[in-house]
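Student: Quick one: the structure is below, questions incoming.
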Number of protein chains: 2
Amino acid sequence: MRVLSGPSSVKLAENISLELKTPLIKAQFKRFPDGEFYFRLLEDVKNEDILVVQSLPPPQDQHILELIYIVETCRELEARKITVYTPYLAYSRQDRRYLSGEAVSSRILAETLQRAGVSELYTVDIHNLGVLSYYRIPAYNLTAADEIMRYFLSKGVEKPLVVAPDDEEAALKRAEVAAKAVGTDYDWFEKKRDRYTGEIVTAEKTLNVSGRDAVIIDDIISTGGTAANAARILKKQGARRVYVGVTHALLAENALERLREAGIEEVVGTDSIPGPVSNITTAPIIARKLKPI
Amino acid sequence: MRVLSGPSSVKLAENISLELKTPLIKAQFKRFPDGEFYFRLLEDVKNEDILVVQSLPPPQDQHILELIYIVETCRELEARKITVYTPYLAYSRQDRRYLSGEAVSSRILAETLQRAGVSELYTVDIHNLGVLSYYRIPAYNLTAADEIMRYFLSKGVEKPLVVAPDDEEAALKRAEVAAKAVGTDYDWFEKKRDRYTGEIVTAEKTLNVSGRDAVIIDDIISTGGTAANAARILKKQGARRVYVGVTHALLAENALERLREAGIEEVVGTDSIPGPVSNITTAPIIARKLKPI
């Protein structure tokens, strides 16, 4: 298998090629002055198995089109199998027609990628597992929860309580994986909608956190409101230090500031969305999957 | 046939619905805070023939994805026929593999749109007619040259010489249509590549323009260099007033300034690319085609 980098994930693709001990496929991409995308393979890919690495953070549509151009070109030039690794899979929220007439964006993206020629797809901590059912090709969800925990332990965090900020199935599973990876325990908060204001609030359940470190594990942070609420409650219950580990640090305006104000020591994310806190690479996660020892 | 507006061409779609005397289909579109697109049809489209109006100017990739989401949704909701009117068809330059390994963007876009469910496609003054051969569905090129000339005559331009800035087949044909539309004559310049510098220059052929108005007709203006050169030569040959009429006013930085410095009275474009000089609507052009008198 050879690794081909898309424009959104150059550094990640390099890391994966190092993990898999296979050189990157030489390719060229640029934008013309009017904004159109240009892509050129500088090596023959005929009969090759290719891993295209292209995450889909904002600007999502641009990154999706780039992926389509790359996959279609590999297919036209007779690559044998085209596996796509897209740690952040955009459009994973509009997964069904909640209101009549709505675009089911998750399904449309799945159809579009499949028709372009993707043979197999891997993503990480997808917001909604149901989205993968729209893929007729093999499509897998991986998790970064264990890598995140190892990162914090390497930074001196001690026997932390792992905390899921809500009690949805995926969040609990992620917290369990995270805790198991470093031999510690986990617990969770419940999010409730206030009957009168409609606001979503975190219930103040008492956790076994007094005098201990805590790591809040989440799939995505946008405004940071949920994690900030959870952190405040943990501090009130006597947590020593509170950390936030998130797979997709989407970080809307002021999110980091809001989290720091809530007393959080450090926020860390992965390279699924390159940004100021994206200090963990997901390269080993996909590499382990594709090249089992 | 009912008209459905895409986000890039709201005003144009309104104009077309007036021309066709059919109300717009009610629909909602927005971008979520993270940049993802949301689309919802507010009316039933089952068994309807729909005209989706969505031009593809920059940001092209965003407009292409919007078009895909809209067309796919109409198809899922069982529209009978989905005609797309996209006056500016992006990615019309990379129409074949000039160098090994290149993405043939024109073909990939054609494939992607067809697979999304487009039944028929109309565009205007496409940069390269060959691109339409990638469509297995009926795909037509219209011209705005006649509308542009009528615009200038309504502004007091008198018996102008129509000038094609180069002698490519499409440019000559466009100048001919433009001249015929208002009962005047046309001529053309030749563009040549300088043997030593590699620069493209306009040959100083003498035209019958002394003491007359001249209208330079082109499909697209990006930097404005070609039109500015042509205008300078026309002025030197004694043209009274020089105008530029262009279908797609893409207008890279300083293009308008450059054209004004070349002594051009007015630059006008169409609503294929909304912008500061896009004063001509292409609504009658598509309306005439879809609803012959």
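The values are calculated or read from the model by the stated rules, or taken from the named source; none is laboratory data. In this text, all values refer to a predicted model and were calculated from it rather than measured experimentally. Please note: Cβ atoms are built from the backbone with ideal geometry, for glycine as well, and neighbour counts cover all protein chains shown.
Student: Check the range A:48-63 and report whether any residue there is surrounded by fewer than 20 Cβ atoms within 10 Å (Cβ to Cβ), within 14 Å of chain B (Cβ to nearest Cβ) and in contact with a Lys or Arg (Cβ under 7 Å, 6 or more places away or on another chain).
Tutor: yes
Student: For B:VAL242, state whether it is under 21 Å from B:THR206 (Cα atoms) and among the β-branched types (Val, Ile, Thr).
Tutor: yes
Student: Then there is this: What's the number of the only condition in (1) in contact with a Lys or Arg (Cβ under 7 Å, 6 or more places away or on another chain); (2) under 21 Å from A:TYR186 (Cβ atoms) that A:ILE200 fails to meet?
Tutor: Against the list (1) in contact with a Lys or Arg (Cβ under 7 Å, 6 or more places away or on another chain); (2) under 21 Å from A:TYR186 (Cβ atoms), A:ILE200 comes up short only on (2).
Student: Related question: Considering A:GLU111, A:GLU169, which residue is assigned by TED's automatic domain parsing to the domain that holds A:ASP213 and either modelled with pLDDT under 95 or closer than 27 Å to B:TYR38 by Cβ (or both)?
Tutor: Of A:GLU111, A:GLU169, the one residue that is assigned by TED's automatic domain parsing to the domain that holds A:ASP213 and either modelled with pLDDT under 95 or closer than 27 Å to B:TYR38 by Cβ (or both) is A:GLU169.
Student: Does the range B:90-105 contain any residue that is within 28 Å of B:LYS46 (Cβ to Cβ), without any contact (Cβ under 8 Å) to a residue 12 or more places away in the chain and surrounded by fewer than 21 Cβ atoms within 10 Å (Cβ to Cβ)?
Tutor: no
Student: Every residue in the range B:28-47 that is in contact (Cβ under 8 Å) with a residue 12 or more places away in the chain, facing chain A (nearest Cβ under 7 Å) and either out of contact with any Ser or Thr (no Cβ under 9 Å at 6 or more places or on another chain) or over 30 Å from B:ASP125 (Cα atoms) (or both), please.
Tutor: Passing the criteria: B:ARG40, B:LEU41, B:LEU42.
Student: Same structure, new question: Take the range A:23-47 and flag every residue that is surrounded by 16 or more Cβ atoms within 10 Å (Cβ to Cβ), aliphatic (A, V, I, L, M) and outside any strand (DSSP E or B).
Tutor: Across the range A:23-47, the qualifying residues are A:ILE25, A:VAL45.
Student: If you don't mind, there's one more thing I want to ask. Scan the range B:112-135 for residues that are within 14 Å of another protein chain (Cβ to nearest Cβ) and more than 28 Å from B:ASP166 (Cβ to Cβ) and jot them down.
Tutor: Passing the criteria: B:THR112, B:LEU113, B:GLN114, B:ARG115, B:ALA116, B:GLY117, B:VAL118.
Student: Kindly indicate whether any position in the range B:72-91 is among the polar types (S, T, N, Q) and in contact with a Leu (Cβ under 6 Å, 6 or more places away or on another chain).
Tutor: Checked the range B:72-91: at least one residue is among the polar types (S, T, N, Q) and in contact with a Leu (Cβ under 6 Å, 6 or more places away or on another chain).
Student: Right, something else. In the set B:GLU204, B:GLU147, which member is touching a helix residue (DSSP H, G or I) at 6+ places or on another chain (Cβ under 7 Å), at pLDDT 95 or above and among the acidic types (Asp, Glu)?
Tutor: B:GLU147
Student: Now, a different point. Among strands (runs of 3 or more DSSP E) lying entirely in the range B:139-254, which contain 3 or more residues that are crowded, with 17+ Cβ neighbours inside 10 Å?
Tutor: So the answer is B:161-164, B:186-188, B:214-221, B:242-249.
Student: Would the range A:258-271 turn up any residue that is in contact with a helix residue (DSSP H, G or I) (Cβ under 8 Å, 6 or more places away or on another chain), within 14 Å of another protein chain (Cβ to nearest Cβ) and assigned to a loop (DSSP other than H, G, I, E, B)?
Tutor: No; the residues of the range A:258-271 include none that is in contact with a helix residue (DSSP H, G or I) (Cβ under 8 Å, 6 or more places away or on another chain), within 14 Å of another protein chain (Cβ to nearest Cβ) and assigned to a loop (DSSP other than H, G, I, E, B).
Student: Further question: Please specify each residue of the range B:112-136 satisfying the condition of being in a loop (DSSP other than H, G, I, E, B) and among the small types (Gly, Ala, Ser).
Tutor: Correct list: B:GLY117, B:SER119.
Student: Just checking, which of A:VAL118, A:VAL124 is closer than 15 Å to A:HIS248 by Cα and either surrounded by 18 or more Cβ atoms within 10 Å (Cβ to Cβ) or charged (D, E, K, R) (or both)? Write out each step before concluding.
Tutor: Values: A:VAL118 fails: closer than 15 Å to A:HIS248 by Cα.
None of the others qualify; the one that does is A:VAL124.
Student: Taking the condition of being facing another protein chain (nearest Cβ under 10 Å), part of a helix (DSSP H, G or I) and touching a Ser or Thr at 6+ places or on another chain (Cβ under 7 Å), how many residues in the range A:67-111 meet it?
Tutor: Here the count works out to 2.
Student: Restricting to the range B:136-147, name every residue that is more than 30 Å from B:VAL163 (Cβ to Cβ) and touching a strand residue (DSSP E or B) at 6+ places or on another chain (Cβ under 9 Å).
Tutor: B:ILE137, B:PRO138
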